[in-house]
Amino acid sequence: MTRPLDPVEHALLAQLGSERRGFAAAANMSSEQIRGLPLTPATDVFSLAVLLATLALGRHPLPRRNNDYETCVAIRDHAYQLPGDTPLLRLLRTVIVPDPAARPTARELAAALAALG
């Protein structure tokens, strides 16, 4: 069983539901967005990778959730599912990671995507 969102996470979820300014759709948010940390270019790289994974898989890489709260818990718990062993999915697994510092830069991701053909 996963733990509930902590007060900060819960407050961010409330803001997501009421304002949505500066936030992506809940399912496309990065772990740093869920935790209320500063957004950086790594946040955009993460969101791009989620979009690419959605296109490659034909579905969102997070298991289907009933509401934004469950989606935020899944993001925080890093419940992404990227089955398959294609070069693109292997690359995306290196980008869809919780730690922004561990993600490639946009330039590095673009070069890796170009190398795939």
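Listed values, structure above:
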read-out: Scope the stretch 44-76; condition under 11 Å from the mean Cα position of the chain (by Cα) and in a loop (DSSP other than H, G, I, E, B); matching residues; value: 60, 61, 62
read-out: Residue count for the stretch 88-117, restricted to those that are in a helix (DSSP H, G or I) and either under 16 Å from residue 51 (Cα atoms) or among the aliphatic types (A, V, I, L, M) (or both); value: 19
read-out: Odd one out for residue 85, checked against (1) at pLDDT below 95; (2) surrounded by 12 or more Cβ atoms within 10 Å (Cβ to Cβ); value: (2)
read-out: Residue in the stretch 4-27 that is modelled with pLDDT under 90, acidic (Asp, Glu), in a loop (DSSP other than H, G, I, E, B) and more than 16 Å from the chain's Cα centre (by Cα) present; value: yes
read-out: Checking residue 66 against (1) of a type outside the set (D, E, K, R); (2) closer than 16 Å to residue 50 by Cβ; (3) loosely packed, with under 13 Cβ neighbours inside 10 Å, the condition it does not meet; value: (2)
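The values are calculated or read from the model by the stated rules, or taken from the named source; none is laboratory data. Since the structure is predicted, the reported quantities are computational estimates derived from the model, not experimental observations. Cβ coordinates were reconstructed from backbone atoms using ideal geometry, including for glycine residues, and neighbour counts include every protein chain displayed.
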